[in-house]
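Just so it is clear, none of the values below were taken in a lab; they were calculated from the coordinates. Quick caveat, the model's predicted, so the values are computed rather than measured. Methodologically, a virtual Cβ is constructed for each residue, glycine included, from the backbone with ideal geometry; neighbour enumeration extends over all protein chains shown.
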Amino acid sequence: MYIAKEDRYEKMIYNRVGNSGLKLSALSIGMWYNFGGIDVYENGRAIATRAFDLGITHFDLANNYGPPAGSAEMNFARILQQDLKPYRDELVISTKAGHYMWPGPYGDGGSKKYLVSSLDQSLKRLGLDYVDIYYHHRPDENTPLEETAEALDLLVRQGKALYVGVSNYTPEQTRQIADIFEAKNTPFIIHQPSYSMFNRWIEDGLKDVLVEKQLGAIAYSPLAQGLLTDRYLNGIPEDSRANRKTGLWLHKENVDETIEKVNALNLIAKERGQTLAEMAVAWILRDGIVTSVLIGASKVSQVEANVKALDNLTFSADELAAIDKVLKG
Ligand code: NDP
């Protein structure tokens, strides 16, 4: 029987999400990869429980995570049942809808019809009465923002989600939906954008909106899916994401294109006394705008390694300049 470590809250940092009362661990675990029906259940279970023992309280899901779609939620339900259920009130569990989930006109997008029914399905798969955060996964140009906001607001009023968020929204879309939520008094507290040293789009307007609207942010793919680690320094390992046969969002070419910069960044990290993965996590937290870094992990050891980032979160101006130079070079 799993019993959580008593010292689990001693080292982790908890950051407040925007101007809400909710705090998130500085690192969170995402279940896009490695928790699906095709993966080894016991490995995902070990990652989740080890993460919790290290003070990570936030687990991020989506209706379509797997493969097959839905299976990550079902596996997480099993982990809850076997291990984490006694700690439910110590966890922040999120899910999303916005990508294709089922056939026909109602299983994709941002309509009220889709978002309401998808959360009902997610809650059933998760075996939960409510999620802590429910996200619209991506903007949908065929649905008015008012309708999407109304659906999320309704789900909060029904008690099926405590807070709501959006993901992949542009700065302008974020500002607009924030205004709609404000008028409704909806607890819209967080944006989930991609963000890493290799993907700095949020610095071009979105960070300003987050500050202006007092929103939190959780950065996904912070390690550029593994590129910003030592994973590919000596070629492409057999068991790595770039070598996977399913869910192909990272390619061998991405490794080839970035390896020179990765080597240069790795040297800067070494000078800081960190691994590249640690530096990549710390860099995201450097200005206090991002609340939590949403990592993925295929092994328990990766979670343990990434949490060590918290030992050194400060950057000198010279270090930041050296990193910028590599990234722009
Ligand atoms: P990361 O950038 O953290 O990549 C994770 C991968 O990096 C791991 O699976 C592993 O790859 C490798 N890795 C992690 N730590 C280390 C380490 N210390 N040393 C070496 N390799 C390491 O994030 P993800 O791309 O996995 O995304 C994280 C989460 O973000 C998702 O699970 C999901 O919850 C969310 N997300 C949200 C999206 C959205 O649209 N809202 C889109 C994408 C993700 P390997 O398998 O090779 O071991």
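Since only Pro105, Gln192, Leu128 are under comparison, the one whose Cα sits farthest along the positive direction of the charge dipole of the chain, derived from C-beta charges on Lys, Arg, Asp and Glu, is Leu128. Can you give the helix-only mean residue ellipticity at 222 nm for the chain, where every DSSP H stretch with n ≥ 4 adds -39500 (n - 2.57) and the sum goes over all residues, rounded to the nearest 500 deg cm²/dmol? Only helices count here, giving -11500 deg cm²/dmol. Normalising the Debye intensity of region 48-110 to I(0), with uniform scatterers on Cα atoms only, and taking log10 at q = 0.21, 0.25, 0.27, 0.28 Å⁻¹ returns -0.84, -1.04, -1.14, -1.19.
Restricting attention to the chain, close to 15% of DSSP beta bridges with both partner residues there are antiparallel. Placing +1 on the Cβ of every Lys and Arg and -1 on the Cβ of every Asp and Glu, with no other charges, gives the chain a dipole of roughly 540 debye about its Cα centre.
Over its Cα atoms, what ratio of radius of gyration to 2.2 N^0.38 Å does the chain give? Compared with the compact-globule rule of thumb, the chain sits at 0.96.
In region 262-287, whose amide N lies under 18 Å from the spot 7 Å out along Cα-to-Cβ of Asn234? List them in ranges. Answer for region 262-287: 262-264, 266-267, 270, 275-277. For Lys252, the aspartates and glutamates whose Cα comes closer than 20 Å to its Cα, not counting residues fewer than 8 places off in the same chain, are Asp230, Glu238, Asp239, Glu260.
Only counting other Cβ atoms within 10 Å, I'd like Arg286, Arg231 sorted with the fewest neighbours first.
Arg286, Arg231
With θ taken as phi - 60° and the Karplus curve 6.51 cos²θ - 1.76 cosθ + 1.60 applied, the whole-hertz 3J(HN,Hα) list for region 78-95 is 5, 5, 4, 4, 7, 10, 9, 3, x, 9, 3, 6, 9, 10, 10, 10, 10, 9 Hz, x standing for glycine and proline.
Over 19 Å between Cα atoms, which of Lys23/Lys213; Lys11/Lys96; Lys96/Lys160; Lys113/Lys207; Lys261/Lys325; Lys124/Lys299 qualify?
As for pairs spanning more than 19 Å Cα to Cα, those are Lys11/Lys96; Lys113/Lys207; Lys124/Lys299.
In plain terms, if you count all Cα to Cα distances in region 96-238 and split them into 5 Å steps from zero, the share in each step is 2, 10, 19, 19, 18, 13, 10, 6, 3, 1, 0 percent.
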